[in-house]
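The values are calculated or read from the model by the stated rules, or taken from the named source; none is laboratory data. Treat the numbers as computed from the prediction; the structure is a model and nothing was measured. Every residue, glycine as well, gets a Cβ built from its backbone with ideal geometry; the counts of neighbours run over all protein chains shown. Note: accessible area is taken over every heavy atom of the protein model, side chains too, but ligands, DNA and RNA are not part of it. Shrake-Rupley method; radii C 1.70, N 1.55, O 1.52, S 1.80 Å.
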Amino acid sequence: MFKNYLKTSFRFLLKNKTYSFINIFGLALGTLCCVYIILYVTDQYSYDKHQQDPKQVYRIMSDIELAGDKHHAGTSSPPIAPALKRDFGEIIQYARLVPTLGVSKHLLTYKEKHIYEASAHYADSTFFEIFSYHFIYGNPANALKAPFSLVLMKSVSDKLFGSEDPLGKTVSLENDYGKDIFKVTGVIDESLGKTNIKSNMFFSMNSGGIGGYTYSDNSWAGNNYCYTFIKLSPDAHAADLEKKLPAFLNKYGGDQMRSMGMTKSLHLQPLLKMHTTAGVEHEMVNPASSSFLYIMILIAVLIQVIACINFMNLSTARASKRAKEVGVRKVVGAGRFALVKQFLAESMFLALLGILIALPLLFLAMPLLNQITQADIQLTLFRDYRLWIFLIVLVFATGFLAGSYPAFYLSAFQAIKVIKGNFSTQVSAAGIRRSLVVFQFVLSIVLITSIIIIYSQLNFIKNKDLGFDQNQKLIFSFYTDAAKQKMLSLKNDFKNMPEVKAVTESDFYLGQFIERDHGLYPPGGSMTTSIDAQNLSTDEHFLETHGIRLISGRNFHLNDSSKILINETLCRRLGLKPETAPGTYVYSQYMPDPMVTMQIVGVMKDFNYSSLHNEVKPLELDYEMRRGRFTKMTVAVNSDNYKSVIAKMEAVWQKNLPTVPFEYQFLDDVVQKQYESEITLGNIINSFTLMAILISSLGLFGLASFSAEQRSKEIGIRKVLGASVSGIVQLLSKDFLTLVGISFLIATPIAWWAMNKWLQGFNYRVSVTWWMFALAGLIAIFIAMFTVSFQAIKAAVANPTKSLKTE
């Protein structure tokens, strides 16, 4: 029986090559997209699943409100973790990770080898009791116990030691905290699986620097810089423990929080949800929001459905070609169920062919797709049984979805009528075909509209006046004390270049997350009513270099002491007026430290020093006179010949810092990096929209071809009676363009709702206007016209005698 079905399927495919190609190629493209998206989503949900008992591990989250500013952070204060383990028996173990705050790169030296490395964390000795890594060298049980122990990722070890065994070797590590000697106690890789705990190096916590400070820090309200993880016993319930946290926090930190006017609460986040939860501050790895992944799954399903719609449309459209076959089979005794099985088997055979074609295409397209999604997906056909299960399910699901309506529709033909030649395509089938075409184009128009609005928003971000000049600015970073001591000399040499307009030094650059903040209050206030302001230290050239405007007061003067500049937002939040704020003293105090007094000398016009996702927050610039405190230098140039300018700067750099690698960034690139996720989303939707349109166009091409073939005699008669080519093309295209018009009316409100929801993530955004939908509709009409007109023109210019000679 199966052999007979297979033979019949092959005969029908060979006899109808055009329609077979459209069906198989459409299913192959749909399957390619579907499989890749499922692999991508599965990969995003796979983070940290390899850990031992991952369902028992939770991260401590902090929700903080201070002077009206709210923060939802993935970090917490240093003393919280030890106290939790001490007070609650259901906690088996805890581990803290501490980033090297203010230090973005570290100079590692082994013998004559010098390398810079980013991403390092201090870690409790218990870290490897909770998190599992593959140890190439060393023992996880004691890797972080001794002071100045260092565990390296394999990539760092290879650069530093090559093929040598690094275990036990000492490395000089220099950064803003100073210079220390560390002993390599382990080398690890991520071969066990992907993780959110992204770090190139782990230092033992008892190694000085901010790690040593963490041991003695007793801040329960502030200093929320620790990534804190706890592991619960198997019979413990996270929800029950979370209910105890308010009383726990109030017991130890209530007085501190009240003195600062802070409201703070702690929450438990499951380890396995870290990578799919967006909107959390201070993440080590950019998460993929669960809503985005649901959209990806929806796109995968819809693309596969579009491919199935093509199959259904073409199968029902060409039903008349198989009607007599059905009639003969019924006459010789075939029941309806047997016919349904035959047609479903044929559609599943086509779905199988589609997958067999899709897999090698996917293998070839994988590098391009990974580049589009900024992912690292591998097609592991022989290592992951789940992929085979998915492919088998996909064959049956696609085959049944694509073939169900044609199977039940064709098997319902009455044998006597068909054999007598009384068969005609039923109105209901034509209506369903039109509905399915409308459905296809609704999806296409929604996706096209999404592309237009996403790119409009990205273009808005690119061209918006941020309140400072981001163009023609180069950023240089200094990571060691020796390098920082040369900054003044380097700065003077840069300023002597004719291509350089201005040079400024600071501890952060614009577009970078400013890690430091503190509360400020005016005369008559207190820390309980203070305004939390982000704090950046700089010199007297910062405003000039960045083109930032003052609206009152003055800029810093050389050797200003305890003077600050504030932005409009901070001025307003302090209850001051910009025109009278200069000269006002403001205060800050964190017990047991003495009160700090600062004088406002100027008010800056608000500028977007961070992402446009957020509104402008209070900002304070401090004047810093002490050398060695700055780590960043921003240089404004007046030449577009960057190749020449950078070559000259490199020569100046080598003269001052011959042993330090010459590295730089462009400020406009830094600003754009804040929107990487939106750019990636745009690329993803763009790519899969093109796929959806291509598959829809294939189906439309097939239907147009069938329509032209079905009306060939009508076209011949019209031509004999004097109809023009343009009139016939209009006749054949009219029905399809009507369907596109209906699709546009349905798609517009859907796209408007969806894109307005997406734009809510930006405080500064474009307005959704009529032209965006009109352009999407015109593009859809053009695609339909281009697809249909090929067949329509071919039919219109055909010799009418060929179609009429059989009459």
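For region 254-282 and region 642-673, what is the separation of their C-alpha centers, rounded to whole Å?
Centre-to-centre (Cα) distance: 39 Å.
Going by average Cβ density within 10 Å per residue, which order do the peptides 243-250, 781-788 take, highest to lowest? Walk me through the numbers before you get to the answer.
Values: 243-250: 14.2, 781-788: 18.6.
Packing proxy ranking, top to bottom: 781-788, 243-250.
Ignoring any ligand, DNA or RNA, what whole percent of the accessible area of region 542-649 comes from carbon and sulfur when the probe is 1.4 angstrom?
50
Roughly how far apart, in whole Å, are the Cα centres of region 184-226 and region 432-459?
Rounded to whole Å, the Cα centres lie 47 Å apart.
Report, ordered by chain and residue number, the aspartates and glutamates lying within cross-link reach of Lys251, taken as a straight Cα distance under 12 Å and ignoring same-chain residues fewer than 8 apart.
Qualifying aspartates and glutamates at Cα under 12 Å: Asp87.
Would you check the accessible area of Phe460, probe 1.4 Å, heavy atoms only, in square angstrom rounded to 10?
About 60 Å², rounded to the nearest 10.
Lys655: which aspartates and glutamates have alpha carbons under 17 Å from its alpha carbon, excluding same-chain residues fewer than 8 sequence positions away?
Within reach: Asp493, Glu663.
Within the accessible area of region 97-150, what % is carbon and sulfur when the probe is 1.4 Å and the other protein chains stay in place?
Of the solvent-accessible surface of region 97-150, carbon and sulfur hold 56 percent.
Could you give me the ³J(HN,Hα) list for region 224-229, computed from phi with Karplus coefficients 6.51, -1.76, 1.60 and θ = phi - 60°, whole Hz, x at Gly and Pro?
With the stated coefficients, region 224-229 comes to 7, 10, 8, 7, 10, 10 Hz.
Return one whole number: the accessible area per residue of region 731-771 in Å², for a 1.4 Å probe.
Per-residue accessible area for region 731-771 comes out at 60 Å².
So how far, in whole Å, is the C-alpha centre of region 115-151 from the one of region 42-74?
If you average the Cα positions of each part, the centres end up 21 Å apart.
How high is the relative contact order of region 93-166, given as a whole-number percent (alpha carbon pairs under 8 Å, six or more residues apart)?
Numbers: 74 pairs, mean separation 22.3, N = 74.
Relative contact order for region 93-166 comes out at 30 percent.
Over 19 Å between C-alpha atoms is what I'm after, so list which of Lys462/Lys491; Lys486/Lys648; Lys501/Lys605; Lys70/Lys462; Lys244/Lys264 land there. List each step's numbers first, then the result.
On the way: Lys462/Lys491 30 Å; Lys486/Lys648 17 Å; Lys501/Lys605 22 Å; Lys70/Lys462 27 Å; Lys244/Lys264 14 Å.
Over 19 Å apart, Cα to Cα: Lys462/Lys491; Lys501/Lys605; Lys70/Lys462.
If I model a spin label as a point 7 Å beyond the Cα along the Cα-Cβ vector, how far apart are those points for Asn471 and Ala146 in nm?
A separation of 5.7 nm, rounded to one decimal place.
About its Cα centre, how strong a charge dipole does region 476-527 have in debye, to the nearest 20, once Lys and Arg get +1 and Asp and Glu get -1 at the Cβ? Walk me through the numbers before you get to the answer.
Numbers: 6 positive and 7 negative charges, 35 e Å.
Result for region 476-527 is approximately 160 debye, rounded to the nearest 20.
Report, in debye and to the nearest 20, how large the dipole of region 576-644 comes out about its Cα centre when Lys and Arg carry +1 and Asp and Glu carry -1 on their Cβ.
For this selection, approximately 280 debye.
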